[in-house]
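Visitor: Quick one: the structure is below, questions incoming.
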Amino acid sequence: MIEIHYNKAAGVSYADTDQGIVPTTAVVTLRSADDSQLAAPVVSLPTVNTTTAGSPKADQFTVASATGITVGDPYRVDFYGQRHVVFVSKVDGSTVYLRESLPEAPPSGAAFKGLKMTATIAAQGTPRANAMLRWEYDDGSTYAQAQQVV
């Protein structure tokens, strides 16, 4: 559940941790209980798109660029034809530590991509009970949507 305060802007975010879809396009709308649109803020897409480097381990590895990698956020690591959603517990320089180990160490050059989309909802002057956020996004081939109670 997301809490939005009367007459205050609110930052919101969503990441597809089920399918690990890295969005290339996305929209989010704030909707009332009758499904009418209350707001349609601009979505910022994830910017992290790097690769593993050096001699990776299953629970930590060096990345080509750690710019934008945030502790606690979900990311997707792709290797051997598999997608793995991971959560970062620590970043030390260009070394990324994972909250949980991968099944095996990814090879050097494995893709490491961000999943988290963000937006800012403008201040809402009228309280609305039972509102929701509807996220619609795709990666160029797979469309998905998610809803969050507000």
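The values are calculated or read from the model by the stated rules, or taken from the named source; none is laboratory data. Nothing here was measured: the structure is a model prediction, and the numbers come from that model. No Cβ is skipped: glycine too gets one built from the backbone with ideal geometry, and neighbour counts run over all protein chains shown. Side chains are part of the model used for accessible areas, which takes the heavy atoms of the whole protein and leaves out ligands, DNA and RNA. Shrake-Rupley method; radii C 1.70, N 1.55, O 1.52, S 1.80 Å.
Visitor: Over the chain, with every protein chain in place, what whole percent of the accessible area is carbon and sulfur at 1.4 Å, could you tell me?
Guide: Working: 3640 of 8000 Å².
Result for the chain: 45 percent of the exposed heavy-atom area is carbon or sulfur.
Visitor: Pulled fully out, how much extra length does the chain show between residue 49 and residue 5, if you take 0.36 nm times their separation in residues and subtract their Cα-Cα distance?
Guide: 12.5 nm
Visitor: Could you list the chymotrypsin sites (Phe, Trp or Tyr not before Pro) in region 4-96 that lie in coil according to DSSP, counting only those with at most 11 other Cβ atoms within 10 Å of their Cβ?
Guide: The qualifying sites are 80.
Visitor: With +1 on each Lys and Arg Cβ and -1 on each Asp and Glu Cβ, how big is the dipole of region 16-89 about its Cα centre, in debye rounded to the nearest 20?
Guide: For region 16-89, the charge dipole is close to 240 debye.
Visitor: While we're looking at this one, here's another question. To the nearest 20 debye, what is the magnitude of the charge dipole of region 16-150 about its Cα centre, counting +1 on the Cβ of each Lys and Arg and -1 on the Cβ of each Asp and Glu? Intermediate results must be reported in sequence, preceding the final value.
Guide: Numbers: 10 positive and 13 negative charges, 49 e Å.
Dipole of region 16-150, to the nearest 20 debye: 240 debye.
Visitor: Which label belongs to the value computed from this structure, given these candidates for Rg and Dmax of the Cα atoms in Å: (1) 20.6, 69; (2) 17.4, 55; (3) 15.4, 54?
Guide: (2)
Visitor: Ok, one more. Averaged per residue, what accessible area in Å² does the chain show with a 1.4 Å probe, protein chains only? Provide the component values of the computation, followed by the final result.
Guide: On the way: 8000 Å² over 150 residues.
Per residue, the chain has an accessible area of 53 Å².
Visitor: Note down the relative contact order for the chain as a percent, whole number, built from C-alpha pairs under 8 angstrom at least six residues apart.
Guide: Averaging sequence separation for qualifying contacts and normalising by length gives 37 percent for the chain.
Visitor: I've got another one for you. Could you give the dipole magnitude of region 1-57 about its Cα centre, charging the beta-carbon of Lys and Arg +1 and that of Asp and Glu -1, in debye to the nearest 20?
Guide: 260
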